[in-house]
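> For reference, the structure I am asking about is given below.
The values are calculated or read from the model by the stated rules, or taken from the named source; none is laboratory data. If you're wondering where the values come from, they're calculated on a predicted model, not measured in any experiment. Glycine gets a Cβ as well: all are built from the backbone with ideal geometry, and neighbour counts include every protein chain shown.
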Amino acid sequence: MTTHDVIVVGAGVTGLTAAWRLAQAGQDVLVLEARDRVGGRLRTEAHGAPGREADFEIGGQWVSPDQDALIGILDELGLPTYPRFREGESLYVDKAGVAHRFGDDLPVEESTLAAIGQLTKTLDELAAAMDPARPWELDDAAHLDSVSFRAWLEEQCDDPVAVDNIALYIGPAMLTKPAHAFSTLQAVQMAASAGSFSNLVDADVILDRRVVGGLQRVPLALAERLGDRVRLGQDVALVEWDEDGVVVHVGAEIHAAHRLVLAVPPTLVKRIRFSPELPAEHRIAREHQSFGLVIKVQAQYETPFWRADGLSGTGFAPWQLVHEVYDNTPEGEQRGTLVGFVSDERADAVGRFSDEDRRRQVLASLATYFGDAALEPLTYVESDWQHQELTGGAYGTSFDLGGLTRWGPVLREPLGPIEFGSSDVAGHGFQHVDGAVRVGDEIARSILGDGSDG
């Protein structure tokens, strides 16, 4: 048996941030990761023809100017960033499948634009009144948590095009669930976590910059600093716990510690057996969480041909298979890459197709934006997180109707020597890497502030 001050289960950004802060403070830390790599939902892979491979970010990749925690750790680790390409006009595909070029305002009827503006104002006001770490304290939270976001939008607005466009930004684009499947309170929390709903709909804010070499460099750099404190291929099977500490079982190995950090998504806590069992409310709260579903698709071409046509590569289409698309060409790369997203019920549908049929449909949707040149990429890459048992979906977990007020406070509640945390339970930075850093920092401060840690 080995003995430590703190054991961290999960070598994603939350777990590694917490472990590094604790190690910096002189704590004896052990990090156990079930996968054969660090990074969790951050991963960079090489794809392409032999000799012409390119790196593709399979998971999270963007940095926003308001993400202070992420920017701070990038600075600390010495990881440079570069701006996303955004010069030129954007594209909007209407319900009839016609692509329209635009600058600042969506190319819709003036009445629809006004309705979108009013809904945005209302959501901004609700978000401004909410502490995203405690959304259940918002005035009228119980009611907002009992009404689906789509139903609320339809109560607020009789313009179906405006409703579909607003629903897009929080449903398919963020929570990656259909707007009838989550509450208005959950939608407001998503907006509040980004500073405002206006920030969510502004691609120049929410998708501002990228990390040179990919965002997975954050967990890789943290793991490098932690050295042999990080152990891979360690699938924790059993945790025995009491008020004095924990004993963690991994295969035939046993590790003891004063404190335990479970830095995994809420839905994965149940993979571990506990003795004694977790209290019922802890189990039930996590059973009411579920991942959304999104397939991130990337297509690389000989050149970024859309730029020559005066296009930024940015596009939106609430009714298309690929509901949003961006220029994802790395800085200094001569070939051009588009990244798009297929979400919720559309991802369900195409997930049943063969790989070739799904590829054909995705490229046809990209061609609706950019024309036939989009049909013939050099390299095509999909990120399909729902097929990975140790993730189970993307981007993060959220509650069904009524769950946020009923069970939300439990998710971050410590249990004796056990702390729980991941980006899925962040306030600011909810479901983003920034939130993962924040939660990791908060857990480390909590442990270091507790004099019982030995």
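> Evaluate the following for residue 248: is it farther than 23 Å from residue 61 by Cα, among the β-branched types (Val, Ile, Thr), buried (at least 20 other Cβ atoms within 10 Å of the Cβ) and assigned by TED's automatic domain parsing to the domain that holds residue 8?
So residue 248 passes the test.
> Within the range 211-231, how many residues turn out to be buried (at least 23 other Cβ atoms within 10 Å of the Cβ) and aliphatic (A, V, I, L, M)?
So the answer is 5.
Per-residue answers, yes or no, for (1) under 30 Å from residue 253 (Cβ atoms); (2) in a loop (DSSP other than H, G, I, E, B); (3) of a type in the set (S, T, N, Q):
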position	(1), (2), (3)
34	yes, yes, no
38	yes, yes, no
72	no, no, no
107	no, yes, no
112	no, no, yes
115	no, no, no
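> Is there a residue in the range 324-337 that is hydroxyl-bearing (Ser, Thr, Tyr), crowded, with 22+ Cβ neighbours inside 10 Å and under 16 Å from residue 385 (Cα atoms)?
Within the range 324-337 (the criterion being hydroxyl-bearing (Ser, Thr, Tyr), crowded, with 22+ Cβ neighbours inside 10 Å and under 16 Å from residue 385 (Cα atoms)), the answer is no, since none of the residues qualifies.
> Also, quick follow-up: Is it the case that residue 380 is buried (at least 21 other Cβ atoms within 10 Å of the Cβ) and among the hydroxyl-bearing types (Ser, Thr, Tyr)?
When the stated conditions are applied, residue 380 does not pass them.
> Another one. Give 9, 29, 13 a once-over and let me know the one that is surrounded by 24 or more Cβ atoms within 10 Å (Cβ to Cβ), farther than 22 Å from residue 424 by Cβ and not polar (S, T, N, Q).
29
> Additional query: Keeping to the range 139-155, report how many residues are outside any helix (DSSP H, G or I) and under 17 Å from residue 182 (Cα atoms).
Adding up the residues that qualify gives 3.
> What pairs can you find where one residue is in the range 404-416 and surrounded by fewer than 16 Cβ atoms within 10 Å (Cβ to Cβ), the other is in a strand (DSSP E or B) and at pLDDT 95 or above, and their Cβ atoms are less than 7 Å apart, with a gap of 6+ or different chains?
That search, which allows pairs on different chains as well, returns 416/241; 416/242.
> Assess whether residue 294 counts as being over 30 Å from residue 29 (Cβ atoms), surrounded by 23 or more Cβ atoms within 10 Å (Cβ to Cβ), under 18 Å from the mean Cα position of the chain (by Cα) and not charged (D, E, K, R).
Answer is yes for this residue.
> Under 9 Å between Cβ atoms, at least 6 apart or on separate chains: pull out the pairs that start in the range 128-149 with a residue that is among the hydroxyl-bearing types (Ser, Thr, Tyr) and end on any residue that is outside any loop (DSSP other than H, G, I, E, B).
146/183; 146/184; 146/185; 146/405; 148/183; 148/184
> Determine whether the range 12-23 contains at least one residue that is part of a strand (DSSP E or B) and in contact (Cβ under 8 Å) with a residue 24 or more places away in the chain.
no
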